[in-house]
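Please read the structure below before turning to the comments.
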Protein chains: 2
Amino acid sequence: MAEKATIQQVAAAAGVSTSTVSNVLNGRSNRMLPETRDRVFEAIRVLDYRPNRAARQLRTGQSKTIGLIVPSVSNPFWGAFARELEQAALGDGYNVLLGNSERNPERERGYVEELWDNGVRDIVLCTSLPSLDHLASFVERGLHLILFDRPVQPGDPPLVASIGVDNFIGGSIATTHLTELGHRRLAFVSGSQRSVNRTVRHAGFVAAIQEAGLDVADMPVWPGLPEGVEELEAPEVGRRAVHELFASGEPPTAIIAINDMTALGACKGLRDLGLRVGADVSVVGFDDIPLADLVSPSLTTVRQPIARMASLAVEQVVSRERAADRESTPAVLLRPELISRDSTAAVR
Amino acid sequence: MAEKATIQQVAAAAGVSTSTVSNVLNGRSNRMLPETRDRVFEAIRVLDYRPNRAARQLRTGQSKTIGLIVPSVSNPFWGAFARELEQAALGDGYNVLLGNSERNPERERGYVEELWDNGVRDIVLCTSLPSLDHLASFVERGLHLILFDRPVQPGDPPLVASIGVDNFIGGSIATTHLTELGHRRLAFVSGSQRSVNRTVRHAGFVAAIQEAGLDVADMPVWPGLPEGVEELEAPEVGRRAVHELFASGEPPTAIIAINDMTALGACKGLRDLGLRVGADVSVVGFDDIPLADLVSPSLTTVRQPIARMASLAVEQVVSRERAADRESTPAVLLRPELISRDSTAAVR
DNA sequence: ATGATCCGGTGTATCGATTTACCGACCATA
DNA sequence: TATGGTCGGTAAATCGATACACCGGATCAT
């Protein structure tokens, strides 16, 4: 098997200089005769030449790689998103480098630093922490940040883009679905982390409660984990929440979970207590992971259009590359959709 | 924020040559006085210097990155594995680049090529296709392949390592568990892809059937998807299989699925038909994804020690780096464990 | 005394692609 | 006849880290 060809060999084979080959490679083929260009292309084809990324990156300081930082790939939602993003990126000649932040700013910063050192200048960040201060210095130095599921906040560095569903609407339609089924005691369940999406979804919840003529003060509230306890996995959060909510005097008849995994944990918790999901207590999730339709009872949830969002994120990156320093920082907000299944039913 | 420092600046600050800094960086500090080394370290610290990966890679042809190719991150098992592997790799200063093959040799090859071009020389490959011919040329050129869940086969290129559970035992204990519960009609369900792990797990199944004094010929068989139909997602495979198995005269009383996602699909299929999982028909999966314990009924399954395997894989990579060209090609086979839950019960 | 070896380094070519400066030929215009 | 501009292309510096060749002085074995 022949060793990998270099630009010099291509140049020699085509009878031109390396500069010309480089020009061809970078689309500046207007600077030469069409026949010259064709000779170069032919040489590239024959030698099966592929530019060395390291050399290119060393020279340009840029790399065709997108960093993707998610809270946890073991949550199927992020797995699915990663897959879609990768698919979209590959189509545009980009690679994807994946990192798990576990919602930890420390790790998040570590990953960004690592990626930056690797020449990555485009990062899709999926950990909706309230503050981006720990990343501000990178953005100043030229990092292109695309926030997923976290709209730009007042204190954020300038020029970061964002993509996500409208969490207010999401929280609201989930809640309205339940109030229309006659539920009057609804609990909103999430981990204790103050993420932006949690805040907004909760606001949607509150708005829908009021719109239904109910009082938020009447809703059972899970106080969350005690301080200092390390963050639990999403399902365990749902389970614990249910256990504690139902230990109190007036438990809810319906639960709105921050995401599907937490919802599934809540379902488990209900079964632990001998309650039937759907019939006794309604549960609605958020995300619409493939499993939502698979479990029993199937899970009512708010669907996020994963594929759409992934390709928008990649589009973001590609378009910036073309348009150099643009003024606008696009903020895309998609409309989520309620998928009604068996985990919700009219109140008894 | 200062621009990134280079090795030259460090050398200047420490009053030594770049060669010396390079030697320090690469652990050859025995070639200089301890005080010289300390001056260099101090300069590195003060300047917050971090070597440029591209430059290093261009020169050495190596990169501290591990490629990970999985069938599909949207399957939580692979998501969890990816996470563990990443964790382990990070500890040793490696990055992880993730790819989805969708069990397609074409894509698999494409990823390997892409990774190779990026200087990646260590790839953990998780798609147990029977043949590695499409990758042989890379292995010849020096690619270090670590096969996950696919023991080395007779025709494979030399010097590839492998890590996985003993699928024969896995298939066997799952089956024995069912025969001990009194089941006499067991169906083994998997996609039509001829993967190595499928073959071996099936062999374990057959052996256990015989050991129980039963005849394999009596077992209901799902013929699989018709030729030419594109491969389905794992859960859909399970669901379809159940639908078709139960349409025939003598359906099974227990199902052994190739993995948990397929098992969950089978459960879904049983519910479609009005059958109760566990009570009417037993189902056992493979993998033990976190969700196995979460769904209702919880899933009996064969556990793969993910974290252990991930760290072994990374260890593989790191140790090879140290030991240059070693003779032995380690093949690690771990013993899987049956986790008994509610989806299996004594036959009625 | 002599050559060999070790110590603690340094100088510099090199990896492969990009990019700036520049060059000769040709053409148009004044 | 100058002058200047465009076309089609090349030569060489450059990005940052690595590693090979080498060097002067001290030490050691014969």
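Structure data summary
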| item | result |
| --- | --- |
| Members of region A:54-79 found to be among the polar types (S, T, N, Q) and either under 18 Å from A:A89 (Cβ atoms) or more than 10 Å from chain B (Cβ to nearest Cβ) (or both), listed by number | A:Q57, A:Q62, A:S63, A:T65 |
| Residue within region B:220-234 that is surrounded by 24 or more Cβ atoms within 10 Å (Cβ to Cβ) and more than 17 Å from B:L186 (Cα to Cα) present | yes |
| Filter result for A:I66 (modelled with pLDDT of 85 or more, crowded, with 22+ Cβ neighbours inside 10 Å, within 22 Å of A:V152 (Cβ to Cβ) and touching a Gly at 6+ places or on another chain (Cβ under 7 Å)) | no |
| B:I258, sole failed condition from (1) within 14 Å of chain A (Cβ to nearest Cβ); (2) modelled with pLDDT of 95 or more | (1) |
| Among the residues listed as B:G170, B:G164, B:G191, the single one being touching a helix residue (DSSP H, G or I) at 6+ places or on another chain (Cβ under 8 Å), under 30 Å from B:D122 (Cα atoms) and part of a strand (DSSP E or B) | B:G164 |
| Restricting region A:83-121 to residues that are more than 8 Å from every other protein chain (Cβ to nearest Cβ) and in contact with a Lys or Arg (Cβ under 7 Å, 6 or more places away or on another chain), the residue that is surrounded by the fewest Cβ atoms within 10 Å (Cβ to Cβ) | A:G93 |
| Counted residues, region A:22-35 - those being assigned to a helix (DSSP H, G or I), in contact (Cβ under 8 Å) with a residue 12 or more places away in the chain and more than 7 Å from DNA strand C (Cβ to nearest atom) | 1 |
| Close pairs (6 angstrom Cβ cut-off, 6 or more residues apart or separate chains): more than 14 Å from A:I255 (Cα to Cα) in region A:162-175, among the polar types (S, T, N, Q) anywhere | A:V165/A:Q304; A:N167/A:N197 |
| Residues of region A:271-290 satisfying the condition of being at the interface with another protein chain (Cβ under 10 Å from one of its Cβ atoms), within 27 Å of A:F168 (Cα to Cα) and surrounded by fewer than 24 Cβ atoms within 10 Å (Cβ to Cβ) | A:P290 |
| Residue in region B:1-21 that is nearest to DNA strand C (Cβ to nearest atom), counting only those that are within 30 Å of A:L135 (Cβ to Cβ) and of a type outside the set (A, V, I, L, M) | B:Q8 |
| Test: residue in region B:41-53 that is farther than 22 Å from A:I66 by Cα, among the aromatic types (F, W, Y) and within 12 Å of chain A (Cβ to nearest Cβ) | yes |
| Single condition B:L58 does not satisfy, out of (1) touching a His at 6+ places or on another chain (Cβ under 7 Å); (2) within 16 Å of DNA strand C (Cβ to nearest atom) | (1) |
| Residue list for region B:122-144, restricted to those being crowded, with 22+ Cβ neighbours inside 10 Å and in contact with a strand residue (DSSP E or B) (Cβ under 6 Å, 6 or more places away or on another chain) | B:D122, B:I123, B:V124, B:L125, B:C126 |
| Of residues in region A:1-19 being under 28 Å from B:L115 (Cβ atoms) and near DNA strand D (Cβ under 8 Å from one of its atoms), the one nearest to the other protein chains (Cβ to nearest Cβ) | A:T18 |
| Top-ranked residue of region B:20-35 - restricted to ones that are surrounded by 12 or more Cβ atoms within 10 Å (Cβ to Cβ) and of a type in the set (G, A, S), ranked as farthest from DNA strand D (Cβ to nearest atom) | B:S29 |
| Residue ID - surrounded by the fewest Cβ atoms within 10 Å (Cβ to Cβ), chosen from residues in region B:291-304 that are touching a Gly at 6+ places or on another chain (Cβ under 6 Å) and away from chain A (no Cβ under 11 Å) | B:V302 |
| Check on A:R185, at pLDDT 85 or above, surrounded by fewer than 23 Cβ atoms within 10 Å (Cβ to Cβ) and either touching a His at 6+ places or on another chain (Cβ under 9 Å) or of a type in the set (S, T, N, Q) (or both) | no |
| Residues that are more than 40 Å from the chain's Cα centre (by Cα) and in a helix (DSSP H, G or I), drawn from region B:1-21 | B:Q8, B:Q9, B:V10, B:A11, B:A12, B:A13, B:A14, B:T18, B:S19, B:T20 |
| Meets criteria (surrounded by 13 or more Cβ atoms within 10 Å (Cβ to Cβ), free of Cβ contacts under 8 Å to residues at least 24 places away in the same chain and hydrophobic (A, V, I, L, M, F, W, C)) for A:A12 | yes |
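The values are calculated or read from the model by the stated rules, or taken from the named source; none is laboratory data. Owing to the predicted nature of the structure, the values given are computational and were not obtained by experimental measurement. Cβ sites come from the backbone with ideal geometry, for glycine too, and all protein chains shown count toward neighbours.
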